[in-house]
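None of the figures in this text is laboratory data; all of them are computed from the coordinates on show. None of the values given here were measured: they were computed from a predicted structure. Ideal geometry is used to build each Cβ from the backbone, glycine not excepted, and the neighbour counts take in all protein chains shown.
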């Protein structure tokens, strides 16, 4: 099956993300003079977004078409998957070598072109599938938000290439891109996949949940801009967006509780545990977003880097990555061995330690307290993430092999 080969490659990409994380943490804790911290940071973030999360989402979206007997239609997606992979590895190397420059911006542009082509083609193919339920609403909204995020990526590239000094423009571009990636593209695909796999695709509450999140996504961007002065009317719109997301998540949790017995047979044991952890992390995320509507707390949080980094890792590792791994294992798309669980346990422990240290470091900074060896502990957490992902990669039985569209 093509899904096994592509997902094996996606997990290898996550391993590379973990290696870059070790380099970043080691350079902060100790000396590594031949590495530019900013360059590696750009490489780490872009490859995590494009090579791990986006590549995995694209593969799972194509698999969705495959499971609905659109094999002839999905043959053309092999080129888009390859191009996205090329853009990811191009950014991986070029950002390390030059930061924001001609080659890194070119590969970043290629990833945006792939996103546009994929969105238009996938939208057309979704229309062929009868009785889709709410899943297609999630998928279509995700495609739109992914395209919207490209505006932030382009503006950020312009700011960096021209070396503009406006901090407000830089931060606005960064947070715009991040918001529509993890609150839009990533989150909406994951929700669509979950409702598809859970069998709750036609549930009436599922539609309410979707519209509460969809209506809130665009104005919720300004939750990331409360550090700047915004108009009072816009502020109350942001408050409504935060309340809408919170209401949507509460209804979602009630729906899960109502059908908990039916859901038990839909997911594997390890998959259920990972999805539960992902949901728990998402509950924390939603709660933090609601608290951020308080201007004082928002400015306080955005003023301390460990809290910002901790929040981003909470979303990207705790919510999205754990969901993807849990969903893949529950769908039994890949063959695993008895060592897979060990890799997952170590990886999850690394996420927990990373979040604990970052949040402790941030709160201590707010209180004016210095905690020794935090950088060394964060390096240990990065090593745990790498070790867990290394064990998981070695435990997968399916060898790395790119799918070229041959039916098996």
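Observations, loosely collected:
- Highest mobility in the GNM of the chain, judged by mean-square fluctuation with C-alpha springs under 10 Å and restricted to 42, 231, 136, is found for 231.
- Scaled radius of gyration (Cα, divided by 2.2 N^0.38 Å) that the range 305-395 gives: 1.23
- Annotation: peptides 381-392, 237-248, ranked by per-residue average of other Cβ atoms within 10 Å with the highest first, follow the order 381-392, 237-248.
- Virtual spin-label span in nm between residue 22 and residue 231, 7 Å along Cα→Cβ: 5.2 nm
- Estimated purely from DSSP H runs of n ≥ 4, each contributing -39500 (n - 2.57), the mean residue ellipticity at 222 nm for the chain is -24500 deg cm²/dmol once divided by its residues.
- In this rough spin-label picture, where each label sits 7 Å from Cα along the Cβ direction, the residue 342-residue 102 distance is 4.9 nm.
- In angstrom, the C-alpha Rg and Dmax of the range 1-41 are 14.3, 45.
- Order by protection proxy (mean Cβ within 10 Å, highest first), peptides 105-118, 171-184: 171-184, 105-118
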